[in-house]
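Every number in this text was worked out from the coordinates using simple rules, so none of it is lab data. Keep in mind that this is a model prediction, so the values were computed, not measured. Cβ sites come from the backbone with ideal geometry, for glycine too, and all protein chains shown count toward neighbours.
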Amino acid sequence: MTASTTPPQLLDTLIESWERQQDAYVNHRAERFGIILDALGYARPELRTVLDIGGGLGSFSKLILERFPRSKVLTLDYDPAMLELARHNLRDYGDRSAIIEANLLDPAWPDALGDEKPDAIVSSTALHWLPTGKLIALYKRLATVLGQGGVFFNADHLSHSAPGSFFHTVSTADDTRQQQLAFAEEVPNWDGWWEQFRAVDGFVDLIAERDRRFSDAPENLETTPTLHTEALHVAGFTETGTLWQYFDDHIIYGIR
């Protein structure tokens, strides 16, 4: 069996399980998505093309496609297994959805976009894997990919203060409580979900390749909101700031 012949119902179950798992790690995740969608709707009602970097199986891409029925969304990731799930997840949107396999650490990744020129770029819970220097370099490339007036949103947990500080203590406590409540209801944790995925026929080779590509990709938890906004400013974004915050969960934005 190959990934393309895996029963659709099984893929639907995997995707639904992924969404519940992600909700466990990101309190108010739906609200976080909604704030970005609202901001895009207010500022860019005629949204045409959106690039979702680190888009995984298309969670955010799907919400954008639903909210903006005349838009096209490019879902970019370097994980071949997750992109195969994205193809299934976004199958109903036809040519309004494009799946792009590219490595954000490769300076030439914008070439994978072809002639597409996004007027918005989004990322959700993805860029914390990039080393600080690579993150800064990425922001410089985003500035070249976006046209004048284009907008960028990055939603992620960001470092804010040292362990033992008040802010770190309450942020960690909130994350822990959210996860405990979810896992008590048998929501899978990160490792548990990947165990489910690895057991699915047809994805063995894709997951093996995914493991190879990310074998030396530790999380970078040192980047602060200030680093992100300053890096965007230096990259050429004319306005940067924090659109939304819940404890250590932030939406950073930049206007090109």
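In the stretch 69-82, which residues are assigned to a loop (DSSP other than H, G, I, E, B) and within 19 Å of Arg256 (Cβ to Cβ)?
Matches in the stretch 69-82: Ser71 only.
Filter the stretch 40-75 down to residues that are over 17 Å from the mean Cα position of the chain (by Cα) and touching a residue at least 60 places away in the same chain (Cβ under 8 Å) and give me whichever is surrounded by the most Cβ atoms within 10 Å (Cβ to Cβ).
Selected residue: Leu47.
For residues that are surrounded by 14 or more Cβ atoms within 10 Å (Cβ to Cβ), of a type in the set (A, V, I, L, M, F, W, C) and over 14 Å from Ser123 (Cβ atoms), tally how many sit in the stretch 215-236.
The number of residues fulfilling the criteria is 2.
Applying the selection to the stretch 128-160, what residues are assigned to a strand (DSSP E or B) and either of a type outside the set (S, T, N, Q) or out of contact with any strand residue (DSSP E or B) (no Cβ under 7 Å at 6 or more places or on another chain) (or both)?
Once the filter is applied, which keeps residues that are assigned to a strand (DSSP E or B) and either of a type outside the set (S, T, N, Q) or out of contact with any strand residue (DSSP E or B) (no Cβ under 7 Å at 6 or more places or on another chain) (or both), the stretch 128-160 yields Val151, Phe152, Phe153, Ala155, Asp156, His157.
I need a count of the residues in the stretch 219-256 that are in a loop (DSSP other than H, G, I, E, B) and free of Cβ contacts under 8 Å to residues at least 60 places away in the same chain.
Going through the stretch 219-256 one residue at a time, the tally reaches 1.
Within the stretch 21-52, can you find the residues that are within 15 Å of Asn154 (Cα to Cα) and assigned to a strand (DSSP E or B)?
Val50, Leu51, Asp52
For a quick check of your reading of the model, give me the residue pairs whose first member lies in the stretch 146-166 and is in contact (Cβ under 8 Å) with a residue 60 or more places away in the chain and of a type in the set (Gly, Ala, Ser), whose second is surrounded by fewer than 18 Cβ atoms within 10 Å (Cβ to Cβ) and in a strand (DSSP E or B), with beta-carbon atoms closer than 8 Å and at least 6 apart or on different chains.
Qualifying pairs under 8 Å: Gly149/Ile255; Gly150/Ile255.
Kindly provide the set of residues from the stretch 104-127 that are over 22 Å from Asp249 (Cα atoms), in contact with a strand residue (DSSP E or B) (Cβ under 9 Å, 6 or more places away or on another chain) and either in contact (Cβ under 8 Å) with a residue 60 or more places away in the chain or in a helix (DSSP H, G or I) (or both), ordered by number.
Once the filter is applied, which keeps residues that are over 22 Å from Asp249 (Cα atoms), in contact with a strand residue (DSSP E or B) (Cβ under 9 Å, 6 or more places away or on another chain) and either in contact (Cβ under 8 Å) with a residue 60 or more places away in the chain or in a helix (DSSP H, G or I) (or both), the stretch 104-127 yields Trp109, Ala112, Leu113, Glu116, Lys117, Pro118, Asp119.
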